[in-house]
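Worksheet for the structure shown next.
The values are calculated or read from the model by the stated rules, or taken from the named source; none is laboratory data. Remember, predicted model here, so these are calculated numbers, not experimental data. Ideal geometry is used to build each Cβ from the backbone, glycine not excepted, and the neighbour counts take in all protein chains shown.
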Amino acid sequence: MLISQNFNQSTQKENLNTSILLVEDDLDFGAAVKRALKQQNYSVDWVTDGAEAWTYLENQQAQYTLAIFDWILPGVTGLELCQRLREKDNALPVLMLTIQDRVKDKVIGLDTGADDYLLKSCSMTELVARLQALQRRFGQCQQTQLTVGHLTLDYNSSTIKSQNQASERQEISLTHKEFYVLEYLMKHPNQIITGSDIRVYLQKMNSESYSCVVATQIRALRQKLINSGCTNPIETIQSSCYRLKISS
């Protein structure tokens, strides 16, 4: 029992830096999947149609380490999403969810590029176990860097690399709180993020949180970028919302 408990705690800690794109149009089932994944400390973006999912994958593919696609989706199907990824030589591990239980359907899904196949009648426990198996199978799932625009966040060294005005690459050391705040913004580029969203993320990362911590870390991040001669892409929207502005 103790070995199992330690394993689960270790697995949940590893999941902290694992971001999943969930594409599921069934609202009840999607909510249940997202809840089960977040209980395991996964970071989850959930969208309900294939076209929106492809926008996420095209613009932010560096942020995801696993994906869950429903086979039947409005607009672009899960099968088409998987096919597009493989045509672009994107090796993002994909778990395909479907109500199709015929052998030939499973073969079609796997031949298109899905890495695993699971019926939607599965338990949440089995779904989480399949994802953890994908993590073990694919070494690239252990993310070491996150790149968005001209910013590269390094998980091993807790630094951010950016290009200064002289087109030189600068490496800037970050505190734990600065790192997590910037990571959250980089995982949601060009989106308006509330201070409350960031505080919840800090709490999930086991970092103490209080009312002014977000504003303090944002100011510190901006100052470090400016001191290094780099462009500051962090905008304040109103008084307590922020956006990482990345040019397309």
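Is it fair to say Ala133 is assigned to a helix (DSSP H, G or I), under 18 Å from Ala36 (Cα atoms) and at pLDDT below 90?
yes
Give me the pairs: first residue in region 81-93 and touching a residue at least 60 places away in the same chain (Cβ under 8 Å), second residue of a type in the set (Asp, Glu) and outside any helix (DSSP H, G or I), beta-carbon distance under 7 Å, and six or more apart or on different chains, which are they?
Pairs that qualify, where the first residue is touching a residue at least 60 places away in the same chain (Cβ under 8 Å) and the partner is of a type in the set (Asp, Glu) and outside any helix (DSSP H, G or I): there are none.
Give me the pairs: first residue in region 215-236 and polar (S, T, N, Q), second residue assigned to a helix (DSSP H, G or I), beta-carbon distance under 6 Å, and six or more apart or on different chains, which are they?
Once the first residue is polar (S, T, N, Q) and sits in region 215-236, its partners that are assigned to a helix (DSSP H, G or I) give Gln217/Lys177; Gln217/Glu178; Gln217/Val181; Asn232/Arg222; Asn232/Leu225; Asn232/Ile226.
Return the residue satisfying two criteria in turn: it lies in region 48-75 and is among the aliphatic types (A, V, I, L, M) and within 25 Å of Thr147 (Cβ to Cβ), and of such residues it is modelled with the lowest pLDDT.
Only one residue tops the list, namely Ala62.
Being small (Gly, Ala, Ser) and modelled with pLDDT under 90 is the filter; apply it to region 196-225 and report the residue that is nearest to Gln145 (Cα to Cα).
Only one residue fits best here, namely Ser207.
For residues that are in contact with a Cys (Cβ under 7 Å, 6 or more places away or on another chain) and modelled with pLDDT of 85 or more, tally how many sit in region 163-194.
Of the residues in that region, 3 qualify.
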